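S.K.: Okay, here's the structure, questions in a sec.
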Amino acid sequence: MGMAGLILFLFFVLVAIFGPILWPYDPLEFGSPADVLQPPSAAHWLGTDDMGRDVLLGLIAGSRVSLMVGILATVVSMSVGAFVGLTAGYLGKGTDAVLMRFTDVFLVLPWLPLMLILAALLGASLWNIILVIGLTGWAGTARLVRAQALAVKERPFVERARALGSSRWGIMGRHVLPNVFPLIFANTILIVAVSILSETTLSFLGMGDSTRPSWGMMLHFAFASGAISNGAYWFLVPPGLCVLLVVLAFTFMGYALDEILNPKLRKR
Amino acid sequence: MAPEILRVEELKVHFPLRSSFLQGKSGAVKKVVRAVDGISFSIGEGEVFALVGESGCGKTTTGKAVLDLLEPDCVSGKIEFFGQDLLRMKATEMKQFRRRAQMIFQDPYQSLNPRETVYDIVSEPLAIHRLAKSEADRRERVAASLENAGLKPTEDYLDRYPHELSGGQRQRVAIAAALILEPLFLVADEPVSMLDVSVRADILKLMVSLRDRYRISYLFITHDLALAWVLADHAAIMYLGKIVEVGPAEAVIQKPRHPYSQALVEVMPRSEPRAARPRVILRGEAPNPVQIPSGCRFHPRCPIPLPRCKEDEPALEELESGHRAACWRL
Amino acid sequence: MPLLDVQDLHVSFSMRQGMVRAVDGVSFTLEEGESLGLVGESGCGKTTAALSLLRLLPPNGRIDSGKILYQGRDVLTFTAEELRRFRWKEISIIFQGAMNALNPVQRVGDQIAEAIRLHQPVSEKDAGKQAQALLERVELEGRRVNDYPHEFSGGQRQRVMIAMALACRPRIVIGDEPTTALDVMVQAQIFELVESLRKELGMAMILITHDLSVLGDTCDRAAVMYAGQIVEIGPIETLFQTPCHPYARCLLRSFPRLQGSRSMADSIPGTPPNLIEVPPGCRFHPRCPEVMAICSREQPLLLERGPRHSVACHG
Amino acid sequence: MTRRYFFSKLFQALLTILIILVMNYFLFRVMPGDPVSMLVRNPRMSPEATQKVAEMFGLDKPWYQQFGIYLINLTSGNLGTSFIYKKPVGGIIMERFLATMLLTVAAEALAILGGALLGIIAAWKRGKRVDVAALGFALVTYAMPTFWLGILMVALFAVTLRWFPTSGMLTPTLSMAGFWQRLPDTLWHLVLPGVTLALVLLGEYALIMRNALIDVLTEDYITTARAKGASEGRVLRRHALPNAMIPMVTLIALNLGFTITGALQVETVFSWPGLGRLMYDALAGRDYPLLQGIFLITAIAVVGANFLSDLTYRFLDPRVKE
């Protein structure tokens, strides 16, 4: 399963890196009126969109946006989440209580309206979208990291290190972090999947960066231009399928890593 | 008697019971777990001092307290290490103390960092205390320490991870990591209770041989009187945060005077068929250290209570040289 | 005819590394009202052997061959419904960790009552009353039927487990390390309780433990198991005073005692074999202090050495 | 004990709502640019209108006074005035709230039932073909963008097969009809959006149920139940399921925010006249008061539902203390 995920992932990464170089695509340049919403043909393997642009080229260009937003947003949310979680878990007491209450609020918040408001207020540039997704999605990570840090902190090897005279930060760096990290890592990969979904949804709802169309934005245009009632399945299906496959790839890799790095001690 | 290295006087460890946010506001009296409730003892150089009791009696807490591993505001009393008060040590003195006093933990499966190799684990104390002069020196010391702990040939172990070792080998690694600082005092908290029966004796023998070779003193914490019997010079029996009987192991275990110690000795399994040996089995279980009974804390379970036991708490009285017990019957 | 007659039982587990032959040719009998100890290090197959009596193996375990005759009928031939009615009514178990063996989200009274109602046509109310009486019988307050397992101490939970085990008045009770992880005082209480109830109700018992010495208080006979096989079986007095098998002797010595010398016995060198590839000949020979040439070639048979006393050793 | 648990959870929920109120307020203050210019970003507004809006929001007063006014307004149900509808936000939201509730509750119920059932079957047939299929189904529905699934559903079942209506909550000709005529029509309209949302949730529930049940089935008390002579069905019903429900309820509670998010997307695709559709319109018109109001209402709904699930949890798991 992990292997399948990895292969899919590598495929999309290669497309994202080399695709736009080999087949340049300008989203602002419309095709000829004769090319509007044409079904797949030899010239346009996946047909054309409502502006007469090639769908396949759009997909290739969109892969770069989707992957970039997904990964960078994850970096943001992981950094915030890990920082909050570790601080709360390590300092404990009042700091922990306050941070966790705040985290819990973020955890239950309906994040879509929040993201939409933030995106609308900040303006829908690619970087803002990355920031918005990252800043709304850190709560789960913070909880996880805190729980893990607490669990590790209670383990006897940490107490042993204290008995040996290790300092607080020494213990943190040498014993707590290395044992929390694998868990964060598997979780990170799962978060990428969620971030890509978030980006797709935001773009679909019209909050994407229109100069850098992603798969979600293609679907936005498809939906808005009435591709459903036109039966323009070539415009509707491929972008969604790409999202599905990439998200699956990350999910597979995440679960597989989780299995490798955090083997649960199952009873016989 | 050998020169004293550790002296504990009126040690108390009281943990505040976590109260909820709302409760804290209402001004209710804060409940306290009196885990250790005023105990005194001393350990001489090269001596094995056993602290024996059932779970929850405060023996492990005592062990952590004498190594200053608890929250400082829970601990009161006096703990002197070579005459220096542990609770008032400066940071540099504390660092020095950490070199001299070490702990061996109960569970060798949990007390070693699973992501470090044996070499990392055993050399860590050198890094913490900046003791190695060079990489070669470090390697040499680690090898010597492993050998001391009976892990030979050392090359076979250096690059292995804890999960690749058996329980007994892990406990030896933990001992090696403690030994590398050349400690004078070791707290051993049930060091063999998680190990297979067949390797327990080896670990205990190792501990004894280290005592003989390096004059290391031990605070040996155990629930098993038989282990105290084969290992200890002195023994103390704890009940609900207090020492009820203390003295030379021979006296405390073979001729116990406190009714609790007597009951504890009597229920030890023996390799005898259902003999008609009379024995008193205490009813019930030790109460929770939040609500400690008045007077002698043992009186509700005592088979031979006196009226005054309910009101007055007995103090440890000397019965014969060094053998003391806290009971109104004596 | 003995109450229970286990003949040449073989049990295996399929693991990722291969087939583990956890029980490899075990035979013993149990008379009405008798108490038998089953002793050995962890992984020797004693728990597996006991669970097999009720056919309670985990999904990857299988009884390969042998017979388990209960009052002359082979338990291995029972239909699902026969088996369901046989369990607990005839043989019940007191498990090791009572915290895990009791359902955490059900009141203990309901759990005891369930055992009763599964085998007797009594009303819910009557079963509840019986549960209460059973709790009092094991020296707990009857009103605690309404408590959940986490509200009891370790020793009390084990008492609940005992009350449940007695609920249907079975002919045999299996105790699978019933006092491990309990304090010595509570351990003694539990053994005393089990003993008195057993005598009173005339039940037979199979007591599984790793510590031979605790059997003195409770058992008539004991079987020492090593690597899936019984190496010595006999009256408890004989095992304590003149154990014949070197492993039995080592095991007995490895627990220090209060009486006698303060010296420590030697450990048994080496580790128990993994049960995927067992050593040829006698399974104990690589660790045996008295090993002979024949031991690595031929497997010793369990032969009678005295009245009801059998040993599997070439020496 | 139970009462204390209740009040402590209630206290937590109220605290959470308070934090949300504060956040909601400051969301519009700490963002780059002053609030007035942000409001002016709406190109359709004249300078006079901007001034009016500033006064309406009390933007000329110091921030703590503004915050006080905001809170007072909130308690009296005043969420401001919508830019595009020129009506009070509270009233607009209330009109749409029921539609969203109908969709969410229906889908959640379907997802819980279906997910639990699928999870149980998968766990019971662990490693068999049914299990693999269930796992695959769960992962695929989880990885799909919700709105895209909706689009596929519309394209297939409404446009191509014409089994169900494509959008809305009611056939327009019935808008004046009586309740008993409208009810079946509305349920008819509910099928596609309801199933879409349920499918998205169902996969994850099934996965959790399966894993929880597999874990529970290895517990010692299951062996005890078998040893007592309980039949396999009884073991599952009486012992395994009550314990496996505990992680399930946790997930459902944690998932409520996600459910709302999904509902908003589904509504957009199906033109379901709920908060999601409203949000889409508000976004298009940059109607901030309306957006803010929607965010607030959905957040409070989620916190409320979470509070209920905490109470359920206490009921399911007696070990929970505080």
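The values are calculated or read from the model by the stated rules, or taken from the named source; none is laboratory data. Just so it is clear, the model here is predicted, and its values are computed rather than measured. All Cβ positions, even for glycine, are placed from backbone atoms using ideal geometry, and neighbour counts span all protein chains on display. Side chains are part of the model used for accessible areas, which takes the heavy atoms of the whole protein and leaves out ligands, DNA and RNA. Shrake-Rupley method; radii C 1.70, N 1.55, O 1.52, S 1.80 Å.
S.K.: So in segment C:1-33, with the set limited to residues that are touching a residue at least 24 places away in the same chain (Cβ under 8 Å) and in a loop (DSSP other than H, G, I, E, B), which one is least open to solvent (accessible area, probe 1.4 Å)?
M.R.: Of all residues in segment C:1-33, those touching a residue at least 24 places away in the same chain (Cβ under 8 Å) come to C:1-15, C:17-33.
Next, from what is left, pick out any that are in a loop (DSSP other than H, G, I, E, B): C:1-3, C:17, C:31-33.
Details: C:Met1: 174, C:Pro2: 30, C:Leu3: 6, C:Gln17: 140, C:Glu31: 73, C:Glu32: 104, C:Gly33: 32 Å².
Among residues in segment C:1-33 that are touching a residue at least 24 places away in the same chain (Cβ under 8 Å) and in a loop (DSSP other than H, G, I, E, B), the one least open to solvent (accessible area, probe 1.4 Å) is C:Leu3.
S.K.: Across segment C:78-98, which residue is surrounded by the fewest Cβ atoms within 10 Å (Cβ to Cβ) among those that are more than 9 Å from chain D (Cβ to nearest Cβ) and outside any helix (DSSP H, G or I)?
M.R.: Here the answer is C:Thr79.
S.K.: Can you give me the number of residues within segment B:202-222 that are in a helix (DSSP H, G or I) and either buried (at least 19 other Cβ atoms within 10 Å of the Cβ) or within 14 Å of chain C (Cβ to nearest Cβ) (or both)?
M.R.: Residues in segment B:202-222 being in a helix (DSSP H, G or I) and either buried (at least 19 other Cβ atoms within 10 Å of the Cβ) or within 14 Å of chain C (Cβ to nearest Cβ) (or both): 11 in total.
S.K.: Being in a loop (DSSP other than H, G, I, E, B), more than 9 Å from chain B (Cβ to nearest Cβ) and aliphatic (A, V, I, L, M) is the filter here, so list the residues in segment C:240-284 that pass it.
M.R.: Residues satisfying the conditions are C:Leu275, C:Ile276, C:Val278.
S.K.: Of the residues in segment D:101-151, how many are in contact with a Lys or Arg (Cβ under 9 Å, 6 or more places away or on another chain) and acidic (Asp, Glu)?
M.R.: Looking only at that region, the number is 1.
S.K.: Kindly list the number of the only condition in (1) within 7 Å of chain D (Cβ to nearest Cβ); (2) within 15 Å of the chain's Cα centre (by Cα) that fails for A:Ile196.
M.R.: Among (1) within 7 Å of chain D (Cβ to nearest Cβ); (2) within 15 Å of the chain's Cα centre (by Cα), A:Ile196 violates only (1).
S.K.: Within segment D:242-281, how many residues turn out to be within 8 Å of another protein chain (Cβ to nearest Cβ), among the aliphatic types (A, V, I, L, M) and within 23 Å of D:Gly90 (Cα to Cα)?
M.R.: Matching residues across segment D:242-281 total 4.
S.K.: If I filter segment A:101-119 down to residues being open to solvent by less than 10 Å² (accessible area, probe 1.4 Å) and more than 8 Å from chain D (Cβ to nearest Cβ), which single residue comes out as modelled with the highest pLDDT?
M.R.: A:Thr103
S.K.: Of all the residues that make up segment B:125-141, how many are within 12 Å of chain A (Cβ to nearest Cβ), in a loop (DSSP other than H, G, I, E, B) and out of contact with any helix residue (DSSP H, G or I) (no Cβ under 8 Å at 6 or more places or on another chain)?
M.R.: Just the residues of segment B:125-141 that are within 12 Å of chain A (Cβ to nearest Cβ), to begin with: B:125-131.
Those still in the list that are in a loop (DSSP other than H, G, I, E, B) too: B:130-131.
Narrowing further to those that are out of contact with any helix residue (DSSP H, G or I) (no Cβ under 8 Å at 6 or more places or on another chain): B:130.
Result for segment B:125-141: 1.
S.K.: Right, another one. Being facing chain D (nearest Cβ under 9 Å), surrounded by 15 or more Cβ atoms within 10 Å (Cβ to Cβ) and among the β-branched types (Val, Ile, Thr): is that true of C:Val39 here?
M.R.: no
S.K.: Hey, another quick one. Look at C:Arg62 and say whether it is at positive phi and in contact with a Phe, Trp or Tyr (Cβ under 9 Å, 6 or more places away or on another chain).
M.R.: Judged against the criteria, C:Arg62 is not a match.
S.K.: Consider D:Gly257 against the criteria (1) in contact with a Lys or Arg (Cβ under 6 Å, 6 or more places away or on another chain); (2) of a type outside the set (Ser, Thr, Tyr); (3) farther than 20 Å from C:Arg117 by Cα: it satisfies all of them except one. Which criterion is unmet?
M.R.: That leaves (1) as the condition not met.
S.K.: Which residues, taken from segment D:270-294, are open to solvent by 10 Å² or more (accessible area, probe 1.4 Å) and either without any contact (Cβ under 8 Å) to a residue 60 or more places away in the chain or among the hydrophobic types (A, V, I, L, M, F, W, C) (or both)?
M.R.: Of everything in segment D:270-294, those that are open to solvent by 10 Å² or more (accessible area, probe 1.4 Å) and either without any contact (Cβ under 8 Å) to a residue 60 or more places away in the chain or among the hydrophobic types (A, V, I, L, M, F, W, C) (or both) turn out to be D:Tyr280, D:Ala284.
S.K.: From C:Thr179, C:Thr242, C:Thr238, which residue is under 30 Å from C:Ile112 (Cα atoms) and among the polar types (S, T, N, Q)?
M.R.: C:Thr179
S.K.: Taking segment D:183-222, which residues are among the polar types (S, T, N, Q), surrounded by fewer than 18 Cβ atoms within 10 Å (Cβ to Cβ) and assigned to a helix (DSSP H, G or I)?
M.R.: Passing the criteria: D:Thr186, D:Asn211.
S.K.: For segment A:242-256, which residues satisfy the criterion of being out of contact with any Gly (no Cβ under 6 Å at 6 or more places or on another chain) and facing chain D (nearest Cβ under 9 Å)? Outline the logic, then answer.
M.R.: First pass over segment A:242-256, keeping only residues out of contact with any Gly (no Cβ under 6 Å at 6 or more places or on another chain): A:242-248, A:250-251, A:254-255.
Passing the criteria: A:Val243, A:Leu244, A:Leu245, A:Val246, A:Val247, A:Leu248, A:Phe250, A:Thr251, A:Tyr255.
S.K.: Counting only residues that are facing chain A (nearest Cβ under 9 Å) and of a type in the set (Ser, Thr, Tyr), which one in segment D:282-322 is farthest from the chain's Cα centre (by Cα)?
M.R.: It comes out as D:Tyr288.
S.K.: Taking the condition of being surrounded by 13 or more Cβ atoms within 10 Å (Cβ to Cβ) and out of contact with any Cys (no Cβ under 8 Å at 6 or more places or on another chain), how many residues in segment C:292-307 meet it?
M.R.: Matching residues across segment C:292-307 total 3.
S.K.: Which of the following residues is modelled with pLDDT under 85, in contact with a helix residue (DSSP H, G or I) (Cβ under 8 Å, 6 or more places away or on another chain) and buried (at least 23 other Cβ atoms within 10 Å of the Cβ): C:Val224, C:Val214?
M.R.: C:Val214
S.K.: Filter segment B:122-149 for residues that are surrounded by fewer than 24 Cβ atoms within 10 Å (Cβ to Cβ) and within 24 Å of the chain's Cα centre (by Cα) and give the result.
M.R.: Matches in segment B:122-149: B:Glu124, B:Asn148.
Results for (1) under 25 Å from D:Leu197 (Cβ atoms); (2) hydrophobic (A, V, I, L, M, F, W, C), shown as yes or no for each residue.
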position: D:Lys87; (1), (2): no, no
position: D:Gly91; (1), (2): no, no
position: D:Gly115; (1), (2): yes, no
position: D:Ala122; (1), (2): yes, yes
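S.K.: One residue is enough: does segment A:174-184 have a residue meeting the conditions under 15 Å from the mean Cα position of the chain (by Cα) and either more than 10 Å from chain D (Cβ to nearest Cβ) or open to solvent by less than 20 Å² (accessible area, probe 1.4 Å) (or both)?
M.R.: Yes; the residues of segment A:174-184 include at least one that is under 15 Å from the mean Cα position of the chain (by Cα) and either more than 10 Å from chain D (Cβ to nearest Cβ) or open to solvent by less than 20 Å² (accessible area, probe 1.4 Å) (or both).
S.K.: Within segment C:145-154, which residues are crowded, with 19+ Cβ neighbours inside 10 Å and either in the same structural domain as C:Phe191 (by TED's automatic domain parsing) or part of a helix (DSSP H, G or I) (or both)?
M.R.: Within segment C:145-154, C:Val145, C:Pro149 qualify.
S.K.: Say we look at segment B:142-201 and pick out the residues that are at the interface with another protein chain (Cβ under 10 Å from one of its Cβ atoms) and β-branched (Val, Ile, Thr); which of these is nearest to C:Thr180 (Cα to Cα)?
M.R.: B:Val197
S.K.: Is it true that B:Ala176 is open to solvent by less than 10 Å² (accessible area, probe 1.4 Å), among the small types (Gly, Ala, Ser) and in a helix (DSSP H, G or I)?
M.R.: It is true that B:Ala176 is open to solvent by less than 10 Å² (accessible area, probe 1.4 Å), among the small types (Gly, Ala, Ser) and in a helix (DSSP H, G or I).
S.K.: Going through C:Arg159, C:Arg117, C:Arg171 one at a time, which residue ends up being within 11 Å of chain D (Cβ to nearest Cβ) and either open to solvent by 20 Å² or more (accessible area, probe 1.4 Å) or more than 26 Å from D:Leu236 (Cβ to Cβ) (or both)? Outline the logic, then answer.
M.R.: Values: C:Arg159 fails: within 11 Å of chain D (Cβ to nearest Cβ); C:Arg171 fails: within 11 Å of chain D (Cβ to nearest Cβ).
Going through C:Arg159, C:Arg117, C:Arg171 in turn, the sole match is C:Arg117.
S.K.: Looking at C:Ala127, C:Ala101 in this structure, which one is open to solvent by less than 30 Å² (accessible area, probe 1.4 Å) and more than 19 Å from the chain's Cα centre (by Cα)?
M.R.: It is C:Ala127.
S.K.: When the residues of segment D:72-90 are filtered to those that are touching a residue at least 24 places away in the same chain (Cβ under 8 Å) and of a type outside the set (Ser, Thr, Tyr), which remaining residue is surrounded by the most Cβ atoms within 10 Å (Cβ to Cβ)?
M.R.: Pass one, segment D:72-90, residues touching a residue at least 24 places away in the same chain (Cβ under 8 Å): D:74, D:79-85, D:89-90.
Add one more test, that the residue is of a type outside the set (Ser, Thr, Tyr), and what stays is D:74, D:79-80, D:83-84, D:89-90.
Values: D:Leu74: 17, D:Leu79: 23, D:Gly80: 19, D:Phe83: 21, D:Ile84: 16, D:Val89: 27, D:Gly90: 20.
Among residues in segment D:72-90 that are touching a residue at least 24 places away in the same chain (Cβ under 8 Å) and of a type outside the set (Ser, Thr, Tyr), the one surrounded by the most Cβ atoms within 10 Å (Cβ to Cβ) is D:Val89.
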